[in-house]
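The values are calculated or read from the model by the stated rules, or taken from the named source; none is laboratory data. Predicted model only: the values in this text are computed from it and were never measured. Counting neighbours? That spans all protein chains shown, and the Cβs are built from the backbone with ideal geometry, glycine included. For accessibility, only protein heavy atoms count, side chains too; no ligands or nucleic acids. Shrake-Rupley method; radii C 1.70, N 1.55, O 1.52, S 1.80 Å.
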Amino acid sequence: MAVEGETTLEYTPTWVVAAVCTVIVAISLAVERLIHYTGKYLKKKNQKPLYEALQKIKEELMLLGFISLLLTVFQTRIAKICMPKDWANNWLPCKKKEDASTSTTSAHFQTIFSSFISSAGNGRRLLAEASSSSYCEAKDKVPLLSTTALHHLHIFIFVLAVVHVSFCVLTILFGGAKIRQWKHWEDSILKKKYDPEEVVKAKFTHVQDHAFIRGHFRGIGKDFALLGWLQSFFKQFYASVTKSDYITLRLGFINTHCKTNPKFNFHKYMIRALEADFKKVVGISWYLWLFVVVFLLLNVYGWHAYFYLAFVPFVLLLAVGTKLEHVISQLAHEVAEKHVAIEGDLVVKPSDDHFWFHRPQIVLILIHIILFQNSFELAFFFWILVQYGFDSCIMGQVGYIIPRLVIGAFIQFVCSYSTLPLYAIVTQMGSSYKRAIFEEHIQVGIVGWADKAKKNKGLRKAANGSSQVGPKESSHATAVQLANVGHKESALEEGNAGEIVSATVSDGPK
């Protein structure tokens, strides 16, 4: 149904319709081709994790497109949903003027969600609002949501998704750059390892004199647990991962999971594992959308919810960084309390017991929440700034705005240069390793081999009519266990890990 005073397609020049369609289609195709060629480039460079992250972004864009379609199709019907006038006077983001008339009352959501913009650019929506207001006024009610408010909400959802994806990409780029600085540590270790004089030389390590122990065991955190946590809290800011930390944690991982493969490139493994985790972080999960809904509900005038919620990612970030540093300290304490001197290098013992609820994966979930909430805060700020202006009542007082911006910048910086690198190395200190331990072609080969072995075992059982497992079948049972590598990141037992890695990557990284 056409809005009164508006020109329909029946009386719109065909060249105008064609020109507008051309521009819209051209922009859409340009974005689609950009994503397509980016995906081809990542596949050519064997960057499957980043390619899968790109596919995740495409899924989010498709979801946004569907949301946009729903809002566009149903905006007129939503605007004609009426509610009692009393409901319109509670839970408002902005305080109503005392002299508000009935007409302004009926357009309360327009006041909440609209800006002081020219009526020329919004004529259609304003006319549609007048129609819906008249429709509800005839029933002595007010519209549930005005057309302008619905349009602004639509824009906010889009801005939120774009800012979240952009911030995640920036975080992974800056964090990855920090992790790649550790490559010279890996190269120096491998070079030293292959030096014949170093190999034959006997080594005896005094535990208390080791740099890793001195940095985490000796000092204020040795005898008092609280002081140890404080030390971990401050260490995440000035020296989150040192060379002695990297060397010791690397050796602990190799000694636990691939003891028979001394050529294992731990740094490459970390990069592959981080890229695989990135595709999980870049998406917007259902519980994050739930957070958006809760925030919109609590954004009531005088509550300053937008200010207090800014501290949620801030506190989570500090907690995660402190916990990751404390895991390193716990590994140092375990060795220092048991040994005075050891033969060979200092080796730590990775274990899930050092992590919250014995699950290292929880750290990734928290980082996901931190990045999204920080993106939400900054997206909300910029959306309000552009849509309504700096003086808008939703923006709040300057005393609440500046701390939010400072906290947002702090979170982005610390998460990129401290928390993410810490996560990349410390979460490898769990009891299991990730599937990224295998090169891509090896992952495919192992999963194919395991699936074939599982099928053969089923055929053999059907042929023999017996459930006995002989010596030959036991090897296939081990192969079946490997099938989980393609589906779970931590499926293999520690005892078989060294043998598997030795058999598959004994030639070392190329």
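With a/c under 1.5 counting as rounded, go ahead and sort the range 281-422 into rounded, prolate or oblate using the C-alpha gyration tensor (a ≥ b ≥ c being the square roots of the eigenvalues; past the cut-off, prolate if a/b is larger than b/c, else oblate). Let's see the in-between values first.
On the way: a/c = 3.42, a/b = 2.68, b/c = 1.28.
Cα axes put the range 281-422 in the prolate bin.
Might you work out the accessible area of Val293 for me, using a 1.4 Å probe with all protein chains in place, and round it to the nearest 10 Å²?
Here the residue's solvent-accessible area equals roughly 90 Å².
For the range 376-418, compute the orientation-averaged projected area of the C-alpha convex hull (one quarter of its surface), in nm².
Numbers: hull surface 12.0 nm².
That works out to 3.0 nm².
Taking 0.36 nm per residue of separation and subtracting the Cα-Cα distance, what length does fully extending Tyr301 through Ile67 add?
Values: separation 234, 0.36 × 234 = 84.24 nm, distance 2.75 nm.
Value of the extension gain: 81.5 nm.
Can you tell me how the range 207-300 classifies by the Cα gyration tensor, rounded, prolate or oblate, using a/c under 1.5 as the rounded cut?
oblate
Using only protein heavy atoms and a 1.4 Å probe, report how much of Trp289 is accessible, in Å² to the nearest 10.
Estimated to the nearest 10 Å², Trp289 gives 60 Å².
What Kirkwood hydrodynamic radius, in Å, does the range 300-344 give when the mean of 1/r is taken over all pairs of distinct Cα atoms and then inverted? Working shown, then result.
On the way: mean 1/r = 0.0724 Å⁻¹.
Hydrodynamic radius (Kirkwood, Cα only) of the range 300-344 equals 13.8 Å.
Going by accessible area, probe 1.4 Å, with all protein chains left in place, what is the ranking of Lys455, Lys44, Lys243, largest first? Provide the component values of the computation, followed by the final result.
Details: Lys455 140, Lys44 160, Lys243 95 Å².
Sorted by accessible area, descending: Lys44, Lys455, Lys243.
Using only protein heavy atoms and a 1.4 Å probe, report how much of Ile411 is accessible, in Å² to the nearest 10.
0
Could I have the simple spin-label model distance between Cys21 and Lys80, label points 7 Å from Cα toward Cβ, reported in nm to one decimal?
Result: 2.8 nm between the two label points.
Given R₀ = 30 Å, what would the calculated FRET efficiency be for Lys349 paired with Lys457, taking r from the Cβ atoms and rounding to 0.05? List each step's numbers first, then the result.
Details: r = 35 Å, r/R0 = 1.15.
E(calc), rounded to 0.05, equals 0.30.
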